[in-house]
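The values are calculated or read from the model by the stated rules, or taken from the named source; none is laboratory data. No experiment lies behind these values; they were computed from the predicted model shown. Heads up, the Cβs are rebuilt from the backbone with ideal geometry, glycines too, and the neighbour counts pull from every protein chain shown.
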Amino acid sequence: MIHVFVGPTLARSEPQLSAPGIRLWPPARHGDLFHATIRDSDTVVLIDGVYHQAPALHHKEILAAMGRGVHVIGAASIGALRAVELAPYGMLGIGTIYTAYHRGDITADDEVAVGQAPDGQWEALTWPLVNLRSVLRLAQEAGILDSARAADLLEELRTVYYPQRTMAAVRAVCSQQGESQFVRWLAEQCAREEYFGDVKRADALAAVRTARAGRAPQGGHRLSRPVWETTYFRRWSNAFAYDHVDGLNLRTEDRLVYQQVFDPAFRETWEAYLEHRSLHPAHGSGLPLTVRLAQAAGNTLPADRVFHPSIDLRDKQTAALLLAGESPQDRQAVARYAKALEHARTPRPGFSTAAVRDSLTRQLLLRVWKCPEQYFDAEASARGLVCGAHAVAAAKPLVPGLLDEMNESTAKRETSGER
């Protein structure tokens with residue numbers, strides 16, 4: 001399967017994009033390459049991506065995809081930028097824009113940036129500087145401009161902020177510089193040819209053709225994990241891990257936190273997970289947890305206070321171990337809590353769970369765990385939450401749902417008492 005991330009650079013009606021085996025995606029953003037439908041040995045063609053109105057696609061997400069065998073091709077826009085940066089690791093760059101960045105002929109990110117329509121149609125509202133460069137070169141070839149005048153115009157156009165480089169702005173800047181002949185010539189060329197000077201479009205089509213031809217990216221080898229495996233990457237990866245179970249599409253991380261908070265037996269689940277990790281480490285030889293604990297701390301502390309392994313929730317075996325005590329009722333509760341969180345956000349634009357008071361979350365956890373205040377850190381650690389502060393941060397998304405349930409329970413008791 002070929003996955004093409006494209007927006008304003010190519011129209012959805014482009015014939016090449018309707019070829020068999022191609023799946024179209026909107027401009028890429030943070031988390032898109034974690035999607036379960038992008039499988040090992042698939043090809044990703046990265047053309048457009050967001051970065052102003054939403055978090056951009058991170059380099060390590062691309063490295064991780066290539067690390068599991070996904071072929072990644074970049075061109076035209078953010079794809080060209082990422083391809084230049086990740087070419088040493090096997091990402092394939094295509095086209096004149098990629099080549100210009102690779103050679104250092106152009107360096108600024110805003111050379112390929114465009115303002116986009118806010119209605120989800122991903123229509124470009126402005127001209128990218130790389131296309132203006134192309135138009136100025138064609139004007140020189142046609143004898144409309146000499147090299148010095150073209151260079152002056154380019155510098156003036158460069159000073160216009162990229163979301164404001166509309167055709168009207170281009171005409172105004174050129175007219176102010178006394179280049180009325182160029183303005184008339186440009187209007188004639190654009191009327192005659194819909195994609196006049198559009199090097200971004202040409203490069204994007206070349207990248208799609210390359211993918212359809214089955215050309216493998218440079219290197220063709222899987223990357224070693226240390227290249228991309230970091231704490232930040234694991235956090236992103238876990239945030240985008242989903243499972244479709246019992247007719248529900250649930251975040252695996254939400255399911256785990258629910259168990260850590262509400263399952264009375266999760267202490268044993270976490271201990272079993274630590275034993276498994278000790279016997280089956282990512283590197284080196286396996287040892288029983290008691291042996292490893294004796295080596296690390298002389299058995300003076302419980303294992304959960306010594307070992308805090310990173311968790312890969314996209315790994316099916318890991319998820320199965322950590323969710324061993326989960327019931328269908330638990331999954332229904334996770335879905336309810338997610339809806340309660342969304343409901344809390346609806347009337348509060350920009351609402352973040354960070355706004356939930358630490359003291360309230362801590363109080364609720366103590367109540368759920370039936371735990372004395374002085375043992376709060378120990379209880380959190382035994383549940384795999386490291387410490388009380390981490391437990392509070394992890395549990396904040398559950399607070400709206402938990403408060404709803406507590407209020408409903410209180411209302412039922414009051415109604416029952418009235419009867």
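Out of all the residues in region 237-253, which are out of contact with any helix residue (DSSP H, G or I) (no Cβ under 7 Å at 6 or more places or on another chain) and either in a helix (DSSP H, G or I) or farther than 30 Å from His283 by Cβ (or both)?
His244, Gly247, Asn249
Can you report the number of residues in region 254-280 which are touching a residue at least 40 places away in the same chain (Cβ under 8 Å) and not in a helix (DSSP H, G or I)?
Number satisfying all stated conditions: 2.
Would you check if Leu279 is of a type outside the set (S, T, N, Q), in the same structural domain as Gly401 (by TED's automatic domain parsing) and surrounded by 17 or more Cβ atoms within 10 Å (Cβ to Cβ)? Break it down into steps so the answer makes sense when it comes.
Details: of a type outside the set (S, T, N, Q): yes; in the same structural domain as Gly401 (by TED's automatic domain parsing): yes; surrounded by 17 or more Cβ atoms within 10 Å (Cβ to Cβ): no.
So Leu279 fails the test.
Go through Gln295, Gln317 for me and flag whichever is in contact with a helix residue (DSSP H, G or I) (Cβ under 9 Å, 6 or more places away or on another chain) and either in a helix (DSSP H, G or I) or without any contact (Cβ under 8 Å) to a residue 12 or more places away in the chain (or both). Quick ask: steps written out before the conclusion?
Values: Gln295 fails: in contact with a helix residue (DSSP H, G or I) (Cβ under 9 Å, 6 or more places away or on another chain).
Selected residue: Gln317, the only one of Gln295, Gln317 that is in contact with a helix residue (DSSP H, G or I) (Cβ under 9 Å, 6 or more places away or on another chain) and either in a helix (DSSP H, G or I) or without any contact (Cβ under 8 Å) to a residue 12 or more places away in the chain (or both).
Would it be correct to say that Arg336 is in contact with an Asp or Glu (Cβ under 6 Å, 6 or more places away or on another chain) and either surrounded by 16 or more Cβ atoms within 10 Å (Cβ to Cβ) or in contact (Cβ under 8 Å) with a residue 60 or more places away in the chain (or both)?
Working: in contact with an Asp or Glu (Cβ under 6 Å, 6 or more places away or on another chain): no; either surrounded by 16 or more Cβ atoms within 10 Å (Cβ to Cβ) or in contact (Cβ under 8 Å) with a residue 60 or more places away in the chain (or both): yes.
In short, no.
Residues to consider are Arg184, Arg165; find the one that is in contact with a Ser or Thr (Cβ under 8 Å, 6 or more places away or on another chain) and charged (D, E, K, R).
Checking each option against the conditions leaves just Arg165.
Taking into account only those residues within region 337-372 that are at pLDDT below 90, out of contact with any helix residue (DSSP H, G or I) (no Cβ under 8 Å at 6 or more places or on another chain) and in a helix (DSSP H, G or I), which is nearest to Arg255 (Cα to Cα)?
Across region 337-372, the extreme among qualifying residues is Glu342.
Quickly run through region 1-50 and pick out the residues that are of a type in the set (Val, Ile, Thr) and part of a loop (DSSP other than H, G, I, E, B).
Within region 1-50, Val6, Thr9, Thr37, Ile38, Ile47, Val50 qualify.
Any idea which residue in region 173-190 is nearest to the chain's Cα centre (by Cα), counting only those that are charged (D, E, K, R) and assigned to a helix (DSSP H, G or I)?
Taking region 173-190 and keeping what is charged (D, E, K, R), we get 179, 184, 188.
Filter once more, keeping what is assigned to a helix (DSSP H, G or I): 184, 188.
Working: Arg184: 43, Glu188: 42 Å.
The residue in question is Glu188.
Would you mind telling me which numbered condition in (1) under 15 Å from the mean Cα position of the chain (by Cα); (2) surrounded by fewer than 16 Cβ atoms within 10 Å (Cβ to Cβ) Ser41 fails?
(1)
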